[in-house]
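Have a look at the structure below, then the notes.
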Amino acid sequence: METRKLVRTGAETYTLSLPKGWIKKNKLNKGDMLFIEENKEFLEIKPAEGRNQKEEKEAVITIDRKDVSTIRRETISAYINNFSQLTFIGDTLNNKLEDIRKILHNFLALEVIEQTEKRLVVKDYLDLKEFSLDSIIRRMDMLVRSIMIDSKNSFSKKGVHENLKLRDYEVDKLFFLLNRLLRSRDISSKQVIAYFWIAKTLENISDEIKEVAEDFENTNDKGILDKYSEVEEYYKEAVKAYMKKDRELADKLISQKNGIVEKLDKLKEKAIAARLKNIVGNARNIAKIALDS
């Protein structure tokens, strides 16, 4: 509870400042209507029903004299900062249109609403209230597990890893979505850091597995599969420690990490071994997050 000073602003009117945290939590802006209801000796203040809580913001991205990587970074920045409309403008739009559309495929609920020779307007139709941070983490984990399972089917076969890229894209989409939610939710800085790093770690693992699947196509050393299964189990246990907030399990997994890495060092396929060690290292980070939470 905190106290606020009542200020007289007119002959018959008084003003009371409202806490910034409450304003932010309810996504209020200057000019928004509030309901004030008298309840005996108390006044109840609440946001007016039916108001539009989503701030309409437009990001204008100029594309001339910029490479695709720069345009992609600017698009990511606009998306995760909750801009509701992205407008791409430039004389070179037709030449870069296919690349821009590929960039937009990395994000949920973006739809082109206007296109001319020099202007492309994209609208965001995502309702952030439909998502929770924990549900996104669970979905990312499910996708990573499915990629791990199916990556084994790429062993000594061609073309299997291409199908895994689509699910890796879904992991990326969820990572960007989580970044948006972190900027719109009223949570502590400690929670923000934990959610960001768990999501980033899951994204890193997904990327590594996708590359492992491609490497699997060019090897017939079946001994690798046994080591891969051990890495897979280590990952699952790390996620279990995080989800259940099991600090004892997390500590145990952190201690086991070096032993698994030593086994991977003995593999003949050094490129695959390096990627598997990266997965183990990221899984260890998940356990570390569980331990520190």
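The values are calculated or read from the model by the stated rules, or taken from the named source; none is laboratory data. These numbers come from a predicted model, not from an experiment. Heads up, the Cβs are rebuilt from the backbone with ideal geometry, glycines too, and the neighbour counts pull from every protein chain shown.
Quick look at the numbers
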read-out: Inter-residue pairs, beta-carbon under 7 Å, first at pLDDT 65 or above and part of a loop (DSSP other than H, G, I, E, B) and in the range 36-63, second surrounded by 10 or more Cβ atoms within 10 Å (Cβ to Cβ) and of a type in the set (D, E, K, R), 6+ apart; value: Ile63/Lys96
read-out: Every residue from the range 122-156 that is outside any helix (DSSP H, G or I), under 18 Å from the mean Cα position of the chain (by Cα) and of a type in the set (A, V, I, L, M, F, W, C); value: Leu126, Phe131
read-out: Checklist (1) of a type in the set (D, E, K, R); (2) more than 27 Å from the chain's Cα centre (by Cα); (3) under 28 Å from Glu162 (Cα atoms) applied to Glu208, failing item; value: (2)
read-out: Hits in the range 250-281 - residues which are in contact (Cβ under 8 Å) with a residue 24 or more places away in the chain, farther than 21 Å from Glu203 by Cα and of a type outside the set (Val, Ile, Thr); value: Asp251, Lys263, Leu264, Leu267, Lys268, Glu269
read-out: Selected residue [of a type outside the set (Gly, Ala, Ser) and either within 26 Å of Asp150 (Cα to Cα) or at pLDDT 95 or above (or both)] from Lys190, Lys236; value: Lys236
read-out: Selected residue [assigned to a helix (DSSP H, G or I), surrounded by 19 or more Cβ atoms within 10 Å (Cβ to Cβ) and either among the small types (Gly, Ala, Ser) or not assigned by TED's automatic domain parsing to the domain that holds Glu208 (or both)] from Ala287, Ala274; value: Ala287
read-out: Selected residue (criterion: farthest from Met142 (Cα to Cα)) from residues of the range 169-184 that are among the basic types (Lys, Arg) and surrounded by 15 or more Cβ atoms within 10 Å (Cβ to Cβ); value: Arg180
read-out: Odd one out for Ile100 among (1) assigned by TED's automatic domain parsing to the domain that holds Lys200; (2) over 30 Å from Thr219 (Cα atoms); (3) crowded, with 19+ Cβ neighbours inside 10 Å; (4) of a type outside the set (Lys, Arg); value: (1)
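To keep it simple, each residue is scored yes or no on (1) modelled with pLDDT under 95; (2) among the β-branched types (Val, Ile, Thr); (3) over 18 Å from Tyr195 (Cβ atoms).
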{"site": "Ala250", "(1), (2), (3)": "no, no, no"}
{"site": "Ile254", "(1), (2), (3)": "no, yes, yes"}
{"site": "Ile260", "(1), (2), (3)": "no, yes, yes"}
{"site": "Ile272", "(1), (2), (3)": "yes, yes, yes"}
{"site": "Arg284", "(1), (2), (3)": "no, no, yes"}
{"site": "Leu291", "(1), (2), (3)": "yes, no, no"}
